[in-house]
Amino acid sequence: MQRLRFCLDEADRGQGISTGEEEQVVRLTCPPIHIFDTKHMDEYPERGELVVATVDRVSNYGAHVKLDEYGAKPGIVNIRDFSFKWVKHPRDYLKEGQKAVLKVLRVNVDRGHIDLSLKNVNEAEKKEKLKTFKLENRVQKLMDIIAKKSNKKVDDLFASFGDKLIDEYGSLYDAFVSVSSGEEDLKKYIADEKVRTDIRGLIADSIKPPKVEIEANLTISCEEPDGIERIRNTLSSGEAEFGKDSEGGITYLSSPRYSIRVSAEDYKTAEKSLKASIEAMEKYASSNSVSFEFSRDRK
């Protein structure tokens, strides 16, 4: 079986990437790097870390990518790291321009080599990483807006209060959520009241606290000839109670079981909306010969 060694074209990089196999060399020309994000230009990811990358070029031997979170540093996904199965068509897995979540296999800082894997990332990891990546981008854009409004550099904002908020909350996004919800007033971090008020306003306009969700189980049945219509009206009476402060929905599971879900900015509001919905359904059901039961799962 013939073994291959991959390397970047010497004319474009002046250095190569090797898999350790020496029997044949396959050269892949790599285009110039375009920097998308300068936050981590001088940093490298750690082995085992999940990163978001933009696919630059795909061939039968692998894919060239640029790490979005590390100054568009180049990385390689060997074809054998696309999937645990045999890969016939590489573009079934990665396409040019695609955002991909990859796991770092090896890093050689001296040579600037980053070997990555697609197959070692499961769906849950992919979903969570993309969510975090999008939130970080939102925060970064917000910091750019704050810098422009206050006529300061982003680095100066991080030095004055951003880094301190990260130390306190673990991430700037979590800190901004607390600001948006009113739990954090930024007095500890920004002395100037006007600047502080302006920044709080910008954060509140851009970052909304995540909603909470509660759910319950419904058992609804009716033996009357028009029972289906009566059940439908029962459900409609409950859905009509979802107001501007909450969102909700009722899902059919299997006769006679249904699930009701309510989301709101806080549990108090969600519980109030759920209670109103349940009471409306109970009222309709009791006066229209509909059997109605309500229960909550206790964990």
**Message:** At a threshold of 8 angstrom on Cα-Cα distance, excluding pairs fewer than six apart, so keeping six or more, what relative contact order does segment 212-295 reach in percent?
**Reply:** 45
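Given the C-alpha atoms of segment 162-217, compute the convex hull and give its volume per residue in Å³. It would help to have the intermediate numbers written out before the result.
Values: hull volume 4.9 nm³, N = 56.
With only Cα atoms used, segment 162-217 gives 88 Å³ per residue.
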**Request:** Using only the alpha carbon atoms of segment 124-206, find the Kirkwood hydrodynamic radius as the inverse mean reciprocal pair distance, in angstroms to one decimal.
**Result:** 13.1
**Item:** Cα Rg, Dmax, the chain, angstrom units
**Value:** 27.1, 83
**Prompt:** In deg cm²/dmol and to the nearest 500, what is the mean residue ellipticity at 222 nm of the chain if only DSSP H runs of at least 4 residues count, each as -39500 (n - 2.57), divided by the residue total?
**Reply:** -10500 deg cm²/dmol
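Given +1 on the Cβ of Lys and Arg, -1 on the Cβ of Asp and Glu, and no further charges, what dipole in debye does the chain carry about its Cα centre, rounded to the nearest 20? Write down the numbers at each step before the final one.
Numbers: 50 positive and 54 negative charges, 126 e Å.
Around 600 debye, computed over the chain.
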**Request:** At a temperature of 37 °C and a viscosity of 0.692 mPa s, determine how fast segment 50-97 diffuses translationally according to Stokes-Einstein, using the Kirkwood radius over alpha-carbon pairs as Rh; express D in µm²/s, rounded to the nearest whole number.
**Result:** 302
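Using the alpha carbon gyration tensor of segment 161-299, what are the three equivalent-ellipsoid semi-axes (square root of 5 times each eigenvalue), largest first, in whole Å? Write down the numbers at each step before the final one.
Details: eigenvalues 405, 38, 20 Å².
After scaling each eigenvalue by five and taking roots: 45, 14, 10 Å.
Per Stokes-Einstein, at 20 °C and 1.002 mPa s, what whole-number D in µm² s⁻¹ belongs to segment 237-299, with the Kirkwood radius over Cα pairs as the hydrodynamic radius?
173
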**Message:** As I understand it, the value is the acute angle between the Cα axis of helix 123-150 and the longest principal axis of the Cα atoms of the chain; what does it come to in degrees, rounded to 10?
**Reply:** 80
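How much of the pair distance distribution for segment 221-263 lies past 16 Å, counting alpha-carbon pairs only, in percent? Walk me through the intermediate numbers first.
Values: 370 of 903 pairs.
The proportion of pairs with Cα distances above 16 Å equals 41 percent.
Taking 0.36 nm per residue of separation and subtracting the Cα-Cα distance, what length does fully extending residue 295 through residue 254 add?
Working: separation 41, 0.36 × 41 = 14.76 nm, distance 1.58 nm.
So the chain would gain 13.2 nm between residue 295 and residue 254.
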**Message:** Could you check the spin-label model distance between residue 148 and residue 168? Points 7 Å from the Cα along Cα→Cβ, value in nm.
**Reply:** 2.7
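Let's test the formula: R0 of 35 Å, r as the Cβ-Cβ distance of residue 279 and residue 198. What FRET efficiency results, to the nearest 0.05? Before the final figure, lay out each step's value.
Numbers: r = 44 Å, r/R0 = 1.25.
Efficiency computed from Cβ-Cβ geometry: 0.20.
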**Prompt:** So what are the ³J(HN,Hα) numbers for segment 206-215, from phi and the Karplus equation (6.51, -1.76, 1.60; θ = phi - 60°), rounded to whole Hz, Gly and Pro as x?
**Reply:** 9, 10, 9, x, x, 7, 9, 10, 10, 9
**Approximate spin-label separation residue 49-residue 132, in nm, with each point projected 7 Å along Cα-to-Cβ** = 1.1
**Complete:** Amide H neighbours of residue 73 at under 5 Å, excluding residues fewer than 5 places away on the same chain, with H built from the backbone geometry, are 67
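Readers should treat all values here as calculations from the given coordinates under stated rules, not as data from a laboratory. Just so we're clear, the structure is a prediction, and the values are computed from it rather than from any experiment. Note that we place each Cβ from the backbone using ideal geometry, even for glycine, and neighbour counts take in every protein chain shown.
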